[in-house]
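Peer 1: The structure's right below; bear with me while I get my questions together.
The values are calculated or read from the model by the stated rules, or taken from the named source; none is laboratory data. Remember, predicted model here, so these are calculated numbers, not experimental data. Counting neighbours? That spans all protein chains shown, and the Cβs are built from the backbone with ideal geometry, glycine included. Calculation scope for accessible area: heavy atoms of the full protein, side chains included, ligands and nucleic acids excluded. Shrake-Rupley method; radii C 1.70, N 1.55, O 1.52, S 1.80 Å.
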Amino acid sequence: MIPVNDLKRSYALHASEYEAKALEILRSGWYVLGKEVSLFESRFAEMLGSKYAIGIDNGLNAISLGIEALGIGSNDEVIVQSNTYIATMLGVTHNNARLVLVEPDEYYNIDASKIEEAITTKTKAILITHLYGQSSNMNKIKKICGDRKLFLLEDCAQSHFSKYNSKNTGTFGVMGFFSFYPTKNLGAFGDAGAIVTDDPILDKKLKILRNYGSEKRYINSVVGYNCRLDELQAGLLNIKLAYINELNKERNTIAKRYLEEIRNDNIVLPRVRKNASSVWHQFVIKTKDRNQFRAFLSQKGINTDVHYPIPVHLSAAYSFYGWKKGDFPIAEEFSNEVVSLPMFNGMINQEVDTVIRAVNEYGKNS
Ligand SMILES: *Cc1c(COP(=O)(O)O)cnc(C)c1O
């Protein structure tokens, strides 16, 4: 079976370096907030073009903490796209702020032309997700945030080093939120995340919030959390970070072949927006009869996945919002029709051939 993703392959690409670093950290006797975290924070910020990075224990906590640091809470509204992963929304509702959903465009990102009509006097921020690895329409969104005095926040859990007008996602607004969950483009070997910002006050605030509300040991200025990135994950991320451009390039090569060689009227291929780039966290196609398509590929030895089968507005978790079927028809259509094809570091050419051949055969002579 060709998997949708295979983390062992990506590990194997630089296994000896990961193993040496893991041993070094294990033997060092220093495991939390040390030189690996500091090094990762400074390198990651520099590579992105941001002033500060704050290592956080995972992507969801990065979003939650970031929103808290801005003082956004009950009676405030945050605009989020209707087809994002639930973690984006959890970061908002954990702060008791209200979600206002806006439908996506044909690139699976927030439809910037529909943002203005969702803004109210309570709106404090627009939290966009660069879904599947492609940058959103940053010119337009940045202008709206500037005109309406709203915080621009970016969920970059799927878009490490994806660009708009040659500028990295995560550096357009007041904060960028990153996840380094193992399957992400820059994946750790456990949970990990980060916030990036150019604001020194936010940097300081976030470093205090993630560490019990304490700047100096036993001196607690605010009611904080324990949301720290650990040394082991940071050390392993420092190794992977050195290869991230190569790793993203490899994904791009696979995506390029899919885009050039898949020819099937039953399939809608993804498109990349003008001035935007994708780092192909997922290669997502659309097809009307998804079950049939997935069964056909499975028969040919190819696994596929769906990101995501239930739109968040219809999930039980948010039943208290009273959303119902038909409220966000585009998100619903996407959740019924999207399929993710195999896309991972270490995927070999013959596997890409097999996927292309099978997708092209689908529906041809049945
Ligand atoms: C993975 C992901 C998150 C959450 O990151 P974790 O590290 O798993 O908590 C948030 N938003 C999006 C869009 C994601 O894909």
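Peer 1: Given N residues in the range 154-266, what is its alpha carbon radius of gyration divided by 2.2 N^0.38 Å?
Peer 2: Relative to the rule-of-thumb radius for its length, the range 154-266 sits at 1.34.
Peer 1: Taking only protein heavy atoms into account and a 1.4 Å probe, give the accessible area per residue of the chain in Å².
Peer 2: 44
Peer 1: Right, here's the next one. So, taking all protein chains as they sit and a 1.4 Å probe, how much accessible area belongs to Lys143, in Å² rounded to tens?
Peer 2: Estimated to the nearest 10 Å², Lys143 gives 120 Å².
Peer 1: Also: Which residue, chosen from Tyr243, Tyr318, Met347, occupies the Cα position most advanced towards the positive end of the dipole of the chain, where the dipole is computed from +1 (Lys, Arg) and -1 (Asp, Glu) charges on Cβ about the Cα centre?
Peer 2: It is Tyr243.
Peer 1: Relative contact order for the range 302-366: what is it in percent, counting Cα pairs under 8 Å that are at least 6 residues apart?
Peer 2: 39
Peer 1: Around Asp305, which amide H atoms from residues at least 5 apart in sequence, or from another chain, sit under 5 Å from its own amide H, with H modelled in the peptide plane?
Peer 2: Ser340
Peer 1: Just the number, please: percent antiparallel of the DSSP beta bridges in the range 125-273, rounded to the nearest 5. Before the final figure, lay out the partial values.
Peer 2: Details: 9 of 17 bridges.
Taking every DSSP beta bridge with both residues in the range 125-273, the antiparallel ones total about 55 percent.
Peer 1: Determine the relative contact order of the chain: mean sequence separation of Cα pairs under 8 Å and six or more apart, normalised by residue count, in whole percent. List each step's numbers first, then the result.
Peer 2: Working: 742 pairs, mean separation 79.1, N = 366.
So the answer I get is 22 percent.
Peer 1: Please compute the contact order of the range 75-203 in relative form: average sequence separation of alpha-carbon pairs under 8 Å and at least six residues apart, divided by the residue count, as a percent.
Peer 2: 18
Peer 1: Measure off, as a whole percent, the carbon and sulfur share of the 1.4 Å-probe accessible area of the range 11-102, all protein chains present.
Peer 2: 54
Peer 1: Which three semi-axes in whole Å describe the equivalent ellipsoid of the range 1-151, each the square root of 5 times a Cα gyration tensor eigenvalue, listed largest first?
Peer 2: 35, 20, 15
Peer 1: Summing -39500 (n - 2.57) over the DSSP H runs of n ≥ 4 in the chain and dividing by its residue number, what mean residue ellipticity at 222 nm do you reach, to the nearest 500 deg cm²/dmol?
Peer 2: Taken over the chain, the calculation gives -11500 deg cm²/dmol.
Peer 1: Near the amide H of Thr129, under 5 Å away, which other amide H atoms are found, from residues 5 or more places off or on another chain, if H is placed in the peptide plane?
Peer 2: For Thr129, the qualifying residues are Gln81, Ile110, Asp155.
Peer 1: Give me the orientation-averaged projected area of the Cα convex hull of the range 248-294, in nm², one decimal.
Peer 2: Taking a quarter of the hull surface, the average projection is 3.8 nm².
Peer 1: Okay, next question. In the range 1-76, which GluC sites (Glu not before Pro) fall in coil by DSSP and have 13 or fewer other Cβ atoms within 10 Å?
Peer 2: none
Peer 1: For the chain, compute Rg over Rh where Rg is the Cα radius of gyration and Rh is the Kirkwood radius from the inverse mean 1/r over Cα pairs.
Peer 2: Ratio value, two decimals: 0.97.
Peer 1: For the pair Ile310/Arg9, report the inter-label distance in nm, with labels modelled 7 Å from Cα in the Cβ direction.
Peer 2: Roughly 3.1 nm, to one decimal.
Peer 1: So which of Lys8/Lys163; Lys35/Lys240; Lys114/Lys149; Lys143/Lys163; Lys124/Lys149 end up more than 19 Å apart by C-alpha?
Peer 2: Result: Lys8/Lys163 exceed 19 Å.
Peer 1: Please list, in chain and number order, the residues 5+ apart from Phe283 or on another chain whose amide H is under 5 Å from its amide H, with Hs placed from the backbone.
Peer 2: Residues meeting the amide H criterion: Leu341.
Peer 1: In sequence order, what are the phi-derived ³J(HN,Hα) couplings for the range 253-269 according to the Karplus relation 6.51 cos²θ - 1.76 cosθ + 1.60 with θ = phi - 60°, rounded to whole Hz, with x for glycine and proline?
Peer 2: Couplings: 5, 5, 4, 4, 5, 4, 5, 7, 9, 7, 9, 7, 5, 7, 10, 9, 6 Hz.
Peer 1: Also, I was wondering about something else. Identify, among Thr120, Val284, Gln299, the residue whose Cα sits farthest towards the positive end of the charge dipole of the chain, taking +1 on the Cβ of Lys and Arg and -1 on the Cβ of Asp and Glu, with the dipole about the Cα centre.
Peer 2: Thr120
Peer 1: If we count every other residue with Cβ under 10 angstrom of Val359's Cβ, Lys/Arg +1 and Asp/Glu -1, where does the sum land?
Peer 2: With Lys, Arg at +1 and Asp, Glu at -1, the net is +1.
Peer 1: Once neighbouring chains are kept in place and the probe is 1.4 Å, which whole percent of the accessible area of the range 214-322 is contributed by carbon and sulfur? Walk me through the intermediate numbers first.
Peer 2: On the way: 2930 of 5850 Å².
Its accessible area is 50 percent carbon and sulfur atoms.
Peer 1: Follow-up. For each pair in Lys249/Lys286; Lys167/Lys204; Lys204/Lys249; Lys51/Lys216, compute the distance between the two Cα atoms and list the pairs where it is over 30 Å.
Peer 2: Table pairs above 30 Å Cα-Cα are Lys204/Lys249.
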